[in-house]
Amino acid sequence: MTVLVETHQGYRQLSLNRPDRLNALNTEMFHALMAALAEAEADSECRAILVTGAGRGFCAGQDLGDVQVGDSGVPDLKAVLERYNALVRKLRGLAMPVVCAVNGVAAGAGANLALACDIVLAAKSANFVQAFSRIGLIPDCGGTWFLPRLIGAARARALAILAEPLAAERAAEWGLIWQAVDDDKLMKTAHALTARLAKQATIGIALTKRAFDAAETNTLDAQLDLERDLQDELGHTPDYAEGVRAFIEKRPANFTGRR
Ligand code: LHQ
């Protein structure tokens, strides 16, 4: 099993599972991950996803053994990238929050898949490596899009060109990720966070994600219109009614995440 799925109350944990290759991605893992995300999406009880890696690494990016240039000629990188793009689009488009617990090194496509998640925690011993330039490639999986937006052009370019590891604590200081956590507290923290998200107003979170994504290309004018429309949609959800009622009644809200 290249992806392990654990079902928890309100959420699922997906663990990349090729620990002897630092969870490098191959075709089988890609299909397993896509299937696991689709199954989570189809489960009405699942309101959040936690992604992590088995063993000492998070993900070392593309399995380079699978794309070696050999007797059969140049590998079809376009086909590989089509798969990665589908994965990034799937992750970003999920109508629920995705937490990523980066338990160890996140390199190449592995680093940028983490950045495609909504909230990224990392063990203090973990690091992020835009390893692509070491093998003559550009950052993919949205790396050239995420990096400058998260940490600014100067840092993004240097990280991509130099391929130097960025330690988790500095990644958090720079705003690349949400938090760096002591190694022995990472999974406990990640589970607590994901369980908490699973009890929040899921549709509100989904539309928050959509609004931020749209803001990347919208004018302020267009974004204000979009906020009005999304807010109007949310105003019709039971979770909005419950949230307001709970506030007035001075009690915790009991959100269902349903329409
Ligand atoms: C690996 C890998 C790996 C296979 C560690 N593959 N075995 C898109 C389109 C098409 C083609 C190419 O890629 C892409 C997107 C990309 O992701 S490009 C970037 C690909 N990834 C890399 O270049 C990173 C390669 N890995 C490394 O630089 C190091 O392994 C890091 C810095 C991640 C970790 O270093 P260490 O902690 O020193 O571990 P290690 O190097 O000893 O790795 C442990 C084992 O995992 C080792 O195998 P072995 O049999 O010697 O124990 C590695 O060969 C294997 N491994 N990454 N990507």
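Looking across D239, D229, D213, D221, one residue alone is assigned to a helix (DSSP H, G or I) and crowded, with 16+ Cβ neighbours inside 10 Å. It is D239.
Checking each residue of the range 45-55 against the condition of being in contact with a Phe, Trp or Tyr (Cβ under 9 Å, 6 or more places away or on another chain), more than 21 Å from K188 (Cβ to Cβ) and crowded, with 18+ Cβ neighbours inside 10 Å gives no match. Residues that are closer than 10 Å to T2 by Cα and among the charged types (D, E, K, R) within the range 25-56 comprise just one, E28. Only one of the listed residues (L193, L207, L150) is in a helix (DSSP H, G or I), aliphatic (A, V, I, L, M) and open to solvent by 60 Å² or more (accessible area, probe 1.4 Å). That residue is L150. On the stretch given as the range 92-103, residues that are assigned to a loop (DSSP other than H, G, I, E, B) and surrounded by fewer than 24 Cβ atoms within 10 Å (Cβ to Cβ) total 3.
Would you check if V74 is of a type in the set (A, V, I, L, M, F, W, C), out of contact with any Phe, Trp or Tyr (no Cβ under 6 Å at 6 or more places or on another chain) and surrounded by 14 or more Cβ atoms within 10 Å (Cβ to Cβ)? Break it down into steps so the answer makes sense when it comes.
Working: of a type in the set (A, V, I, L, M, F, W, C): yes; out of contact with any Phe, Trp or Tyr (no Cβ under 6 Å at 6 or more places or on another chain): yes; surrounded by 14 or more Cβ atoms within 10 Å (Cβ to Cβ): no.
In short, no.
Every condition in (1) closer than 15 Å to Q13 by Cα; (2) open to solvent by 40 Å² or more (accessible area, probe 1.4 Å); (3) out of contact with any Phe, Trp or Tyr (no Cβ under 9 Å at 6 or more places or on another chain); (4) not aromatic (F, W, Y) is met by I119 except one, and the failing one is (3).
When the residues of the range 50-59 are narrowed to those that are of a type outside the set (D, E, K, R) and free of Cβ contacts under 8 Å to residues at least 60 places away in the same chain, which ends up farthest from the ligand (Cβ to nearest atom)? Give the steps one after another, and end with the answer.
Filtering the range 50-59 for residues of a type outside the set (D, E, K, R) gives 50-55, 57-59.
Checking which are free of Cβ contacts under 8 Å to residues at least 60 places away in the same chain leaves us with 53-55, 57, 59.
Working: G53: 11, A54: 13, G55: 10, G57: 7, C59: 9 Å.
Filtering the range 50-59 for residues that are of a type outside the set (D, E, K, R) and free of Cβ contacts under 8 Å to residues at least 60 places away in the same chain, the one farthest from the ligand (Cβ to nearest atom) comes out as A54.
Select from the range 112-135 the residues that are of a type in the set (D, E, K, R) and not in a helix (DSSP H, G or I) and write down the one among them that is farthest from the ligand (Cβ to nearest atom).
Step one: filter the range 112-135 for residues of a type in the set (D, E, K, R), giving 118, 124, 134.
Cutting the leftovers down to not in a helix (DSSP H, G or I) gives us 118, 124.
Details: D118: 21, K124: 16 Å.
Ranking the qualifying residues of the range 112-135, first place goes to D118.
Candidates are the residues of the range 21-44 that are farther than 20 Å from I205 by Cβ and among the polar types (S, T, N, Q); the one that is surrounded by the most Cβ atoms within 10 Å (Cβ to Cβ) is N23.
Sub-9 Å Cβ pairs linking a first residue in the range 137-156 that is on the phi < 0 side of the Ramachandran plot to a second residue that is at pLDDT below 95 and open to solvent by 20 Å² or more (accessible area, probe 1.4 Å), at least 6 apart or interchain, are L137/L77, ordered by first then second residue.
I'm checking my understanding of the structure. Among residues of the range 153-189 that are open to solvent by less than 20 Å² (accessible area, probe 1.4 Å) and away from the ligand (no atom under 16 Å from the Cβ), which one is farthest from S125 (Cα to Cα)? Filtering first and then ranking leaves A156.
Is one or more of the residues making up the range 138-145 part of a helix (DSSP H, G or I), closer than 25 Å to E82 by Cα and away from the ligand (no atom under 11 Å from the Cβ)? Within the range 138-145, one or more residues are part of a helix (DSSP H, G or I), closer than 25 Å to E82 by Cα and away from the ligand (no atom under 11 Å from the Cβ).
The values are calculated or read from the model by the stated rules, or taken from the named source; none is laboratory data. Owing to the predicted nature of the structure, the values given are computational and were not obtained by experimental measurement. Glycine gets a Cβ as well: all are built from the backbone with ideal geometry, and neighbour counts include every protein chain shown. In case anyone asks, the SASA skips ligands and DNA or RNA and just uses the protein heavy atoms, side chains included. Shrake-Rupley method; radii C 1.70, N 1.55, O 1.52, S 1.80 Å.
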